Each structure stands twice: as structure tokens, then as C-alpha cells.
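> This is the structure I want to talk about, given as C-alpha cells.
The values are calculated or read from the model by the stated rules, or taken from the named source; none is laboratory data. Just so it is clear, the structure is predicted and the values come from calculations on it, not from any experiment. Ideal geometry is used to build each Cβ from the backbone, glycine not excepted, and the neighbour counts take in all protein chains shown. Please note that ligands, DNA and RNA were not included when accessible areas were found on the heavy atoms of the full protein model with its side chains. Shrake-Rupley method; radii C 1.70, N 1.55, O 1.52, S 1.80 Å.
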Amino acid sequence: QVQLVESGGGLVQAGGSLRLSCVASGSIFSINAMGWYRQAPGKQREMVATITSAGTTNYADSVKGRFTVSRDNAKNTVTLQMNSLKSEDTGVYYCNADILAFSRTYNYWGQGTQVTVSS
């Protein structure tokens, strides 16, 4: 059984910064890709940033240069550092991970954490 738990969401002013963290726990052999997705009110969920086990990152065009994703493999943690936040960054941010357990790879989602950027 695996759980992803996000933390760090909250309210921040435009131009400010926020750091989100996600910790995976449970029966984990290894974690492949981890990432962050977000869903703005009334909009489709979109990929924000992903990072492989080797540290290769991928970002949505809308956040390039502002967001940084990183991970700590020893702690099964992925972090999203968000700088120069804009109102359009507002939404629920979800942690996602591909986890190898019991000889199979499973995809998990966290419960989400709210990020609100005030104008």
C-alpha cells in the first residue's frame, strides 16, 4: 500500500514563492518518475513538472523559468519550488508517482494541495 502526501500549499501574493513537497510511503521498491500536476477551477488537469529517478526534468511551458522540481530518493520525496507566482498558477496541485512494488509499476496520486495566488 502506497500513499502520496502533499504539503506546502497555501495563499501567496502574486510574485511570491511557495514550496510544495510530496512524500511517498508504503511498500515501495523504487520510484521511477515523480511529478506535479495542477487543476485550476473549471479547467482540465495539466502536467506542471516531472522528474525521473535519474533527475531528468520536464516542465510545462507556462512554468519554465519559474518552477523547479527536485527529488530526494532517499526520502522518497519530490519538491516543487514555485517562484514568481501568477494568479493563473492558482489551482489544486497533485503529486504523481510511478512506483515499483511487488514486481509491477503502479501509478499513484496524492490528495492534492490548494495553491492560491492573490492578485
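> Quick one: work out Rg over Rh on the C-alpha atoms of the chain, Rh as Kirkwood radius. List each step's numbers first, then the result.
On the way: Rg = 13.9 Å, Rh = 14.2 Å.
With Rh from the inverse mean 1/r over Cα pairs, Rg/Rh is 0.97.
> Suppose all protein chains stay in the model; what accessible area per residue would a 1.4 Å probe give for the chain, in Å²?
Details: 6320 Å² over 119 residues.
About 53 Å² of surface per residue is accessible.
> Give me the dipole magnitude in Debye, nearest 20, for the stretch 63-119 about the Cα centre, with unit charges on the beta carbon: positive for Lys and Arg, negative for Asp and Glu. If you can, show how the numbers build up before the last one.
Numbers: 6 positive and 4 negative charges, 24 e Å.
In total the dipole reaches around 120 debye.
> Quick one: go through the stretch 31-70 and flag any residue whose amide nitrogen is under 13 Å from the point 7 Å out along the Cα-to-Cβ line of VAL2.
Under 13 Å, as judged by backbone N against the label point of VAL2, lie 31-35, 53 of the stretch 31-70.
> With charges set only on the Cβ (+1 for Lys and Arg, -1 for Asp and Glu), what does the dipole of the chain come to about its Cα centre, in debye to the nearest 20?
In total the dipole reaches around 40 debye.
> If you roll a 1.4 angstrom probe over the protein chains with everything in place, what fraction of the accessible area of the chain belongs to carbon and sulfur, to the nearest %?
Details: 2980 of 6320 Å².
Taking all protein chains in place, the chain shows 47 percent carbon and sulfur surface.
> Can you give the direction-averaged projected area of the convex hull of the alpha-carbon atoms in the stretch 44-105, in nm²? Working shown, then result.
Details: hull surface 21.2 nm².
If I average the Cα hull's projected area over directions, I get 5.3 nm².
> In the stretch 52-84, which trypsin sites (Lys or Arg not before Pro) fall in coil by DSSP and have 14 or fewer other Cβ atoms within 10 Å? Working shown, then result.
On the way: sites: LYS64, ARG66, ARG71, LYS75; in loops: LYS64, ARG66.
Those that pass, being in a loop and sparsely packed, are LYS64.
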